[in-house]
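Reading through the structure tokens given below for one structure.
The values are calculated or read from the model by the stated rules, or taken from the named source; none is laboratory data. On a predicted model such as this, the values are computed, not experimentally measured, just so you know. The area values use the complete protein model at the heavy-atom level, side chains included, leaving out ligands, DNA and RNA. Shrake-Rupley method; radii C 1.70, N 1.55, O 1.52, S 1.80 Å.
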Amino acid sequence: MSLRAVVIDDEAPARAKLRRYLAASDGLAWVGEAHDGPGAVGLVHRLRPDVMFLDISMPGMDGFAVLQALGDPLPAEVVFVTAHDAYAVKAFEVHAFDYLLKPVGPERFDALARRLRDRLVPARATEAKVDGLLGGLPVPTHYLERLLLPVADAAELVRVERVDRIVSDRNYLQVYVEGRAHRLRGTLDTMLARLHPSHFVRVNRSTIVRLDAIREVQPWPEGERRLLLADGARVTWTKRYLDEASSSLGLSSP
């Protein structure tokens, strides 16, 4: 299984070098490139790659602006490639997979390629197995009653009543069942649309919570609330989503 990679850099020689490295690598495949930010956004939306090699310093729209335009969760793993080390801290704040300083040598690239394969290839294989299992099931005409969650090299069918919370992790979801996290590919909006709105509620930009998993609601600054869940997790219910839930569920403010 090859991981699909795109290259985004305003310098043609830098793009050419990465194309050569990708062509010689085992398990990574070049599928496209862009020379500026707007082109990068369109490229990623069109090709849906697994990995993007992204320059930071580009005229008009830098690498961080590209990520902002792509939205959360990000549709691919990000490897920043730049001639400047001043952006390293900010790069990892946006959850970059790695940070390569130009000029990138073949040994450093090979080490990165191995790490990408070790992390992403098993995940993609598991997703394929889960997708295959789901493909044999009828399309649901009602809200989900069970979720098919990957467990090692297999999958487990779990009733949604056992799910405490679901957290967005870029282009994945972390589904927490009795304190244990299961990783699924997908978006929070898509998942929320398939869950019964009387049982599950979005409490902030990145988290869905099962209402019956809430054990305690505490006052929090700025009109927000702090939730203590059954698995011991503490989650902030932001004012925007609290106001939405209060109207849609008929909840009174604590």
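Compute the angle between helix 239-248 and the longest alpha-carbon principal axis of the chain, please, reported from 0 to 90 degrees and rounded to the nearest 10. The two axes meet at around 50 degrees. The value for segment 1-84 of Rg(Cα) / (2.2 N^0.38 Å) is 0.99. Protein heavy-atom surface of segment 153-254, 1.4 angstrom probe: 47% of the accessible area is carbon and sulfur, with nucleic acids and ligands not counted. For the chain, the solvent-accessible area of protein heavy atoms averages 51 Å² per residue (probe radius 1.4 Å; ligands and nucleic acids excluded). Under 5 Å between amide hydrogens, built in the peptide plane, is the criterion, and for R185 it picks out L173 among residues at least 5 positions away or on other chains. Of all beta bridges that DSSP places with both ends in the chain, some 65 percent have antiparallel geometry. Take every pair of alpha-carbon atoms less than 8 Å apart whose residues are at least six positions apart; their mean separation over the length of segment 173-244 yields a relative contact order of 21 percent. As a length-normalised measure over Cα pairs under 8 Å and 6 or more apart, the relative contact order of segment 1-69 settles at 39 percent. With Rg/Rh (Cα atoms, Kirkwood Rh) as the read-out, I listed [x] 0.94; [y] 1.33; [z] 1.02; which label goes with the value calculated from this structure? Entry [z]. For the chain, the relative contact order works out to 11 percent when only alpha carbon pairs closer than 8 Å and six or more residues apart are counted. Rounded to the nearest Hz, the phi-derived 3J(HN,Hα) couplings of segment 204-217 under the Karplus curve 6.51 cos²θ - 1.76 cosθ + 1.60 (θ = phi - 60°) are 7, 4, 10, 9, 10, 10, 6, 4, 6, 8, 7, 9, 7, 10, where x marks glycine and proline. Expressed as a whole percent, the proportion of Cα-Cα pairs in segment 43-117 lying more than 19 Å apart is 33%. Centre-to-centre, using Cα atoms only, segment 182-226 and segment 149-178 are separated by 14 Å.
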